[in-house]
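Participant: Below is the structure I would like to discuss, written out as structure tokens.
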Amino acid sequence: MLTKLTRALERSRRFQTDLLTQLQEPDFDALCSCCLETVQDNPDTAIIMQQLLNRNLQGVCSDHAEALRHREVGTAAFRRHDLSKAAVAYSDCLHVLDETTISGSAAASHVYCNRALVLLQQRPPDKQAALQDSTCAIACDRANCKAWYRRACSYEALLNYSAACSDATMAVQLSSGTQHEDGVRLLQRLQAAAKLPVSSSQGANSAAAASITADAVPKIPPDMAEVSSLSKPASECMLAVQNSKEQGRQLAVTDDIAAGTEMWTEQPYVHVLLKQHRKQRCSHCLKPLPAQACYSCPACPLVRYCTLHCRQSDTFHTPGGVECGVPWPLLLPADVVLAVRMVSKMSQCSDAQPTESSCKAQDSQANAEHVRSLETHWQQTSPPVLTELTLLSTVAALCCCQYSSGPTSPSAGSILTALLQIHVNGLAVVPAQHTSKNDRIALAVYPTASLMNHSCQPNVALAFDGKVLTARAVEALPAGQPVLHCYGPQRGAMITPLRQQQLQQQYHFLCQCRACEKGFNLTEQATVGLQCLDTRCDGLLVPKQAVAAGVCSVAALPSNTGSGCCSQCHHSWSEDLQAASHPVWQRLEAAQAKYQHAVADLKQEAPSMQALTAVSCLLRHVAEVQSQCLCSTNQLLCQTWNQLVEVLKAIGSFEEALSCCKRVLDMLHSAYPSNSTAVGYQRLQLAELLRHVGAGTEAEDEYAEAMKILHLHFGVSYAVSMHNTLH
């Protein structure tokens, strides 16, 4: 949406002159001011800002009429005793209600009560969620006697009779008629369960009820508390920051660390959930949302939370804040939103006045100073990229100043600085099993993890439980060893020239790690190579010309990746392969088209057994063609075999699936380190297939080897969960 403004900046001689000046001596505030002066009179600027700040867009603002429709659906489902559908409908209703208005708050109170009843009646009951819902109902309308009654029932289900009696007393005092009688019966039942005399309990409960009106929010249970209090600090692992001329600032261990050691855990300094996961994950803790009862921002439907505690703990998206009820956080890239959050948090930390006894405040200040000192590598940023980032930062600052003018509003220059820091130091939060960028859940900045340098064959693994990062050693680390994490594709997932190119473009360095030092050797060439075109030769070759993705390699190969010469007979096939009509290209392109057709068929909802059988035949043909043209360890062939394994499992052809799975494992062993997760998950799949064909002893051995690898990367709890899943 900013393309026209970017072109205007590229055409502006004054801005480009200013830009070149910044590459010598940076003044990002001045650069952003020049950007604003250049685009502020452009008619497209007003249109874009109107789009970014439009509070009337569907999905951005509350919708009372839509909320009422959802409530009716929920009520009808409840009457049919379809509790699951009722809970979802009530959640949809709350999602579009504005709890900050008088009418919306009153309506929300009743819907929270209804959902709490559903949660208590379902089997098994979700008692804790019902307690949270009834608490929200009270917060929305303290005069709602049904809310106090519902929370009393929730406390009763949790066997907290004292709190239940207090709430039941409030329900009795606020109610009349039938509701009053129900409240009295509940109170008597609770008093009997708590073994309290009725005469003495009334006065005590009245006093308790009076006190509870001052604070309707219950204490957060220990399992819902912030994980930071349970996190293992980096200082316990004897980590130190080193400075070297070659590597710059880096993190290293000061003691010997055994393989599999959990080195540290930490919360992100700032994070942002990627927009494609808004409806599936909590915006605060990043964990999956419950299927039936989740929470939204009280004022807008832009974010969802898994618990009331997460909603209360979110300091970034606040009701009425700069991100609330406006579309710019969805329309601008996630790294821009993260940069705004980073600047705002550092500003809040600078303005805070921590007491001497406030260790948490002091830690926060230290984290802020550390994040502030992160590298930007602005000198290596190309002018076109810097132009785009400057425009994004300027636009983001304009969005923020609409709601928080003055010193609290982040400046465009500070956002640009943070954006450059994020590009170099940000981490993608990913699930345990991830295969591509599409698996990313969130973008975050972690104070300690941001100190790690890169290796394409890392010695630590990062695992995420929601937003909490845990770093584990995947090999023994002697004292003084740098702690190395992989910024992008690891060895095995991508060939050395492509890895180096990608790292150079984003992080501005030429990687010379232990994996890259080996260069583009024969083992790696085989993962993207063709068989020699002379059928009498057993050599391989990598084409010299550019090749599209999916033809002889999973990723596209730029020109000059290979020499076009056979590794064994040394004949040059470059001229032969230059022609697009060469038979090998025609066969491979036809095979790729069939592979794409097979994958598309698999994506259809619940494909029939007949369709799956047809797909398996198609994939066998693709694998046969690729086996005749590509090296035996080519990644593309590995991908086809792996897809065939999944289809064969679905149709029950376990013997053939086992044979294909072993081929894939052999391919992975040739390309990846033996302790990589790619090998671990494949061995796990092999164990499952061995069990299906009755090879129990061999299956257990394979399973044990897989667990050793996965334990290195994810720890005992993940290995136990995998064991429970498989057994």
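Participant: Hey, can you grab everything whose amide H is under 5 Å from the amide H of V460? Only 5+ residues off in sequence or another chain; H modelled, so Pro and N-termini drop out.
Facilitator: Distant-sequence amide H within range of V460: V474, L484.
Participant: Lysines near K662 by alpha-carbon distance under 26 Å, same-chain residues fewer than 8 away left out - which ones?
Facilitator: Within the straight-line cut-off, K662 pairs with K594, K603, K649, K708.
Participant: Name the residue from H571, V474, Y595 whose Cα lies farthest towards the positive end of the charge dipole of segment 463-615, charges +1 on Cβ of Lys and Arg and -1 on Cβ of Asp and Glu.
Facilitator: Of the options given, the answer is V474.
Participant: Mind ranking 620-631, 646-657, 589-600 by how tightly packed they are, going by the mean number of other C-beta atoms within 10 angstrom, highest first?
Facilitator: Answer by packing, highest mean first, reads 620-631, 646-657, 589-600.
Participant: Report the Cα centroid-to-centroid distance between segment 82-153 and segment 418-455 in angstrom, as an integer.
Facilitator: First find each Cα centre; the distance between them is then 37 Å.
Participant: What does the helix-only formula give at 222 nm for the chain: each DSSP H stretch with n ≥ 4 adding -39500 (n - 2.57), the total divided by the residues, and the result rounded to the nearest 500 deg cm²/dmol? All intermediate terms of the calculation are to be shown ahead of the outcome.
Facilitator: Numbers: 27 runs with 383 residues, N = 727.
Value at 222 nm, helices only, nearest 500: -17000 deg cm²/dmol.
Participant: Follow-up question, since we're still on this one. By the scheme Lys and Arg +1, Asp and Glu -1, what is the net charge of all other residues having a beta-carbon under 11 Å from that of Y703? Display every interim value, and only then the final one.
Facilitator: Values: positive: R683, R691, K708; negative: E688, E698, E700, D701, E702, E705.
That sum, taken over residues with Cβ under 11 Å, equals -3.
Participant: What angle do you read, to the nearest 10 degrees and between 0 and 90, between the alpha-carbon axis of helix 64-79 and the longest principal axis of the chain?
Facilitator: It is inclined by approximately 80 degrees.
Participant: For R281, list long-range residues whose amide hydrogen, built 1.01 Å from N in the peptide plane, is under 5 Å from its own amide hydrogen.
Facilitator: For R281, the qualifying residues are L289.
Participant: Using unit Cβ charges (K, R positive; D, E negative) and no other charged atoms, how large, in debye to the nearest 20, is the dipole of segment 583-664 about its Cα centre? Walk me through the numbers before you get to the answer.
Facilitator: Working: 7 positive and 7 negative charges, 31 e Å.
So the magnitude is around 140 debye.
Participant: Mind pulling the angle between the C-alpha long axis of helix 383-401 and the longest principal axis of the chain? Nearest 10 degrees, somewhere in 0 to 90.
Facilitator: 0 degrees
Participant: So, one more: Contact order normalised by length for the chain, with contacts defined as Cα pairs under 8 Å and 6 or more residues apart; what percent is it? Write out the running numbers ahead of the final one.
Facilitator: Values: 1173 pairs, mean separation 76.8, N = 727.
Relative CO of the chain lands at 11 percent.
Participant: How much net charge surrounds F654 when only the other residues with a Cβ under 13 Å from the Cβ of F654 are counted, with Lys and Arg +1 and Asp and Glu -1? All intermediate terms of the calculation are to be shown ahead of the outcome.
Facilitator: Values: positive: K649, K662, R691; negative: E646, E655, E656, E688.
With Lys, Arg at +1 and Asp, Glu at -1, the net is -1.
Participant: Another question, if that's okay. Output ³J(HN,Hα) for segment 146-153: one whole-Hz value per residue in order, computed from phi by the Karplus curve 6.51 cos²θ - 1.76 cosθ + 1.60 with θ = phi - 60°, and x for Gly and Pro.
Facilitator: Those phi angles translate into 5, 5, 5, 4, 5, 6, 4, 5 Hz.
Participant: Which one of L658, Y269, Q121 has its Cα pushed farthest toward the positive end of the charge dipole of the chain, where Lys and Arg give +1 and Asp and Glu give -1 at the Cβ?
Facilitator: My answer, from the dipole projection, is Q121.
Participant: Using square roots of five times the C-alpha gyration tensor eigenvalues, list the equivalent-ellipsoid semi-axes of the chain in whole Å, biggest first.
Facilitator: Values: eigenvalues 515, 245, 142 Å².
With the √(5λ) rule applied to the chain, the semi-axes are 51, 35, 27 Å.
Participant: Got a sec to turn the phi values of segment 450-466 into Karplus ³J(HN,Hα) couplings, 6.51 cos²θ - 1.76 cosθ + 1.60 with θ = phi - 60°, whole Hz, x for Gly and Pro?
Facilitator: Running phi through 6.51 cos²θ - 1.76 cosθ + 1.60 with θ = phi - 60° gives 5, 7, 6, 8, 9, 8, 6, 10, x, 9, 10, 10, 9, 10, 10, 10, x Hz.
Participant: About its Cα centre, what dipole magnitude does segment 637-726 give when the only charges are +1 on Lys and Arg Cβ and -1 on Asp and Glu Cβ, stated in debye to the nearest 20?
Facilitator: Details: 6 positive and 10 negative charges, 41 e Å.
With Lys and Arg at +1 and Asp and Glu at -1, about 200 debye.
Participant: Can I ask one more? Report the local net charge at A67: Lys and Arg +1, Asp and Glu -1, summed over other residues whose C-beta lies under 14 Å from its C-beta. Write down the numbers at each step before the final one.
Facilitator: Details: positive: R69, R71, R115; negative: D63, E66, E72, D92, D98, E99.
Summing Lys and Arg as +1 and Asp and Glu as -1 gives -3.
Participant: Can you list residues whose amide H is under 5 Å from W264's amide H, if they're 5+ apart or on another chain and H is modeled 1.01 Å from N?
Facilitator: It is A471, by chain and number.
Participant: OK, next. Which one, F520, V647, L427, projects farthest toward the positive side of the charge dipole computed for the chain from Cβ point charges (K/R +1, D/E -1)?
Facilitator: Most positive-ward Cα: V647.
Participant: ³J(HN,Hα) across segment 492-497 via Karplus (A = 6.51, B = -1.76, C = 1.60, θ = phi - 60°), whole Hz, x for Gly/Pro?
Facilitator: So the Karplus estimates, Gly and Pro as x, are x, 7, 8, 6, 3, x Hz.
Participant: Still on this structure, I have one more. Quick one: putting +1 on the C-beta of Lys and Arg, -1 on the C-beta of Asp and Glu, what dipole do you get for the chain around its Cα centre, in Debye to the nearest 20? All intermediate terms of the calculation are to be shown ahead of the outcome.
Facilitator: Working: 56 positive and 63 negative charges, 269 e Å.
Once rounded to the nearest 20, the dipole reads 1300 debye.
No lab work stands behind these numbers, since they all come straight from the coordinates. Note that this is a predicted model, so its numbers are computed, not measured. Every residue, glycine as well, gets a Cβ built from its backbone with ideal geometry; the counts of neighbours run over all protein chains shown.
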